[in-house]
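Written out below as structure tokens is the structure these notes cover.
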Amino acid sequence: MKKTLYMMRHGETLFNLRHKIQGACDSPLTENGIAQAKKVAPFVRSLNIDHAYSSSAERASDTLEHATEHRMPYTRLKALKEMNFGTFEGESEDLNPKRGPGFDDFFVPYGGESRHNVRERMVKALTEIMEKDDHQNVFVVSHAGATMTFTSHWHDVDEVLPKRLPNGTILRWSYENKQFTLEEAIYQDQHD
């Protein structure tokens, strides 16, 4: 039986605005970030969501609460958190290395996570969620890096996400036979 997963990137945060690396650390939503979450509320309301989950980061749970208009119980899961960037957390995005050889494990010597670990925990957590019998239409709020890494397990990211993953973007996935297929990226400007 085909099921649907809606996965949203949290709204804009103070660290996003200041171009700081945030992964395991957290920063609050900006006024714009709150507005981004509220902007998708009518769309989320129309989805007939039966279960909701967020990363355990406050920026994700706050986004979920605004997007669901505080009307839906949800579960916070550490497995849905952003990649841990080790000692790079809270530093300038200018220090973030460009993708290329060695990038997948770059943060490990600095106390961070590898992309492989992030991908494995995201695939495991989301598969476990979608395998539950009463989970037909699920809403999840996570993070750009974790979501892109999850996406890379199923697709060539550059082919399916030309705009990358701006704050407030929702990805609609179909789920069947333990396989996820990205069906659509719904960007903030589509809610105008």
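Observations on the model:
- Segment 63-92 residues that are without any contact (Cβ under 8 Å) to a residue 60 or more places away in the chain and within 15 Å of ARG121 (Cα to Cα), paired with ones that are in a helix (DSSP H, G or I) and open to solvent by 40 Å² or more (accessible area, probe 1.4 Å) (beta carbon under 8 Å, 6 or more apart): ALA79/ARG121; ALA79/LYS124
- Scanning segment 112-135 turns up no residue that is buried (at least 17 other Cβ atoms within 10 Å of the Cβ), more than 20 Å from SER55 (Cα to Cα) and either in contact (Cβ under 8 Å) with a residue 24 or more places away in the chain or under 19 Å from the mean Cα position of the chain (by Cα) (or both).
- Picking from residues in segment 93-103 that are under 21 Å from the mean Cα position of the chain (by Cα) and touching a residue at least 24 places away in the same chain (Cβ under 8 Å), the one that is least open to solvent (accessible area, probe 1.4 Å) is ASN96.
- Number of residues in segment 163-189 that are surrounded by fewer than 13 Cβ atoms within 10 Å (Cβ to Cβ) and among the small types (Gly, Ala, Ser): the value is 0.
- Restricting segment 139-162 to residues that are part of a helix (DSSP H, G or I) and of a type in the set (D, E, K, R), the residue that is most open to solvent (accessible area, probe 1.4 Å) is GLU159.
- Restricting GLY33, GLY23, GLY11 to those that are over 25 Å from ASN117 (Cβ atoms) and under 12 Å from the mean Cα position of the chain (by Cα) reduces the list to GLY11.
- Here segment 137-192 is the region considered, the condition is being of a type in the set (Lys, Arg) and free of Cβ contacts under 8 Å to residues at least 40 places away in the same chain, and the residue that is nearest to HIS51 (Cα to Cα) is ARG164.
- Scope segment 53-92; condition among the hydroxyl-bearing types (Ser, Thr, Tyr) and open to solvent by less than 10 Å² (accessible area, probe 1.4 Å); matching residues: SER54, SER55, SER61, THR63
The values are calculated or read from the model by the stated rules, or taken from the named source; none is laboratory data. These numbers come from a predicted model, not from an experiment. Here Cβ is always computed from backbone atoms with ideal geometry, including for glycine, and neighbour counts include all displayed protein chains. Only protein heavy atoms, including side chains, enter the accessible area calculation; ligands, DNA and RNA are left aside. Shrake-Rupley method; radii C 1.70, N 1.55, O 1.52, S 1.80 Å.
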